[in-house]
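Have a look at the structure below before the remarks.
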Amino acid sequence: MHGTLRPLALVAVAAALAACGGGDDGLAVGFAAEASQWQLGSADYSDDTAPSELSQTVVALPAPLAGQGLRLAGHNHSDDLFVFTARRIDGLQPGARYRVRWALRMVATVPGGCIGVGGAPGEGVTVKAGAAGRAPARVREGAEWRFNLDKGDQTQGGSESMVLGNLSSSGRDCVAVPPELKPLSGVQPTPLVAAADGSAWAWVGFDSGYEAASELILVDGRLTLEPL
C-alpha cells in the first residue's frame, strides 16, 4: 500500500453519531462518501503473478439498487490474491486493548453454487476485515509479496482478521442473477492494541482463490471498538 492514510478521529465521529441519535457504540462508515480516506493495497503474489485490473473506484450501485458504493477489483493471476482497502483511526487510548467488531453491507452480484477456475467465483472469494495498531501493507517475503498482518489464507481467518463471508448472492442462476445487498459481520479473534500515539488502522478486503477477475462493492458499515 502506498501513500499516507488520513486519520479518522473516533472522538469526533462518536460525538456526531450521538448528536444524530446514533449513540457512541461504533463508527458509521459510508464507503463511497469517504472514498478519499481509504487506501487501496494488494498482496499474495510474486512479481510474475501480480494482479491486473487492480482498482478502487466509486461506482453507482447496479439496478435495481440505488446509491453508490466503493468498488475494489483485481484479476487473480497467482491463485491466491488479496485485495484490501484501509484507513487510519485516531483518538484511541495509547496502548489500550479493544475488541473489534465489523458489520457492513456489500453488493452481491455473483450467484452461489457456480464453477470457476481454481475456485468458485462466489464462495471462492472470501470477504475479510480487521483492525490493527500498525498500518496494513504488503511486505516482501522471498519472491512473494505478503500482507503484514495475520489475515489467514483464502477461506481461513487469522488472528488479526475476521472472516465476514464471501461474494456469493442468494441467486443460483449461473447465467444471470439480480444484484442484492448482502449484510456481513464478524468479531476479530484477538484484541486490537492501539499504537503509542493512540492510532490504529481499519481494513476490509477480499481473499481470492478464483483465478479470474473479482470485485467487492462496499456500501456502508459500522466498526465497533469495545475497550477491554
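Quick notes on this structure:
- Subset tally (residues that are open to solvent by less than 70 Å² (accessible area, probe 1.4 Å) and either free of Cβ contacts under 8 Å to residues at least 40 places away in the same chain or in contact with a Phe, Trp or Tyr (Cβ under 7 Å, 6 or more places away or on another chain) (or both)) for segment 55-71: 6
- Hits in segment 36-54 (condition: closer than 11 Å to residue 85 by Cβ and not in a helix (DSSP H, G or I)): 38, 39, 40, 41, 42
- Scan segment 133-187 for residues that are among the hydrophobic types (A, V, I, L, M, F, W, C) and within 15 Å of the chain's Cα centre (by Cα) and the total you get is 10.
- Qualifying residue in segment 89-106 (condition: of a type in the set (S, T, N, Q), within 15 Å of residue 165 (Cα to Cα) and open to solvent by 10 Å² or more (accessible area, probe 1.4 Å)): no
- Residue selected from segment 192-213 under the condition closer than 26 Å to residue 167 by Cα and not in a strand (DSSP E or B), by the criterion least open to solvent (accessible area, probe 1.4 Å): 209
- Checklist (1) touching a strand residue (DSSP E or B) at 6+ places or on another chain (Cβ under 6 Å); (2) under 16 Å from residue 202 (Cβ atoms); (3) in contact (Cβ under 8 Å) with a residue 40 or more places away in the chain applied to residue 112, failing item: (2)
- Residue list for segment 140-169, filter: in contact with a strand residue (DSSP E or B) (Cβ under 6 Å, 6 or more places away or on another chain), over 30 Å from residue 111 (Cα atoms) and either among the polar types (S, T, N, Q) or surrounded by fewer than 16 Cβ atoms within 10 Å (Cβ to Cβ) (or both): 143, 148
- Any hit, segment 163-173, residues being touching a residue at least 40 places away in the same chain (Cβ under 8 Å) and either in contact with a Phe, Trp or Tyr (Cβ under 6 Å, 6 or more places away or on another chain) or of a type in the set (A, V, I, L, M) (or both): yes
- The residues of segment 124-155 that are touching a residue at least 12 places away in the same chain (Cβ under 8 Å), more than 21 Å from residue 103 (Cβ to Cβ) and not in a strand (DSSP E or B), listed by number, are 124, 133, 134, 135, 137, 143, 148, 153, 154.
- Qualifying residue in segment 111-120 (condition: at pLDDT 95 or above, closer than 28 Å to residue 68 by Cα and surrounded by 15 or more Cβ atoms within 10 Å (Cβ to Cβ)): no
The values are calculated or read from the model by the stated rules, or taken from the named source; none is laboratory data. What you see is a predicted model; the values in this text were computed from it and never measured. For neighbour counting, all protein chains shown are included, and Cβ atoms are generated from backbone atoms with ideal geometry for every residue, glycine included. When the accessible area is computed, the model is the full protein with side chains, heavy atoms only, and any ligands, DNA or RNA have been set aside. Shrake-Rupley method; radii C 1.70, N 1.55, O 1.52, S 1.80 Å.
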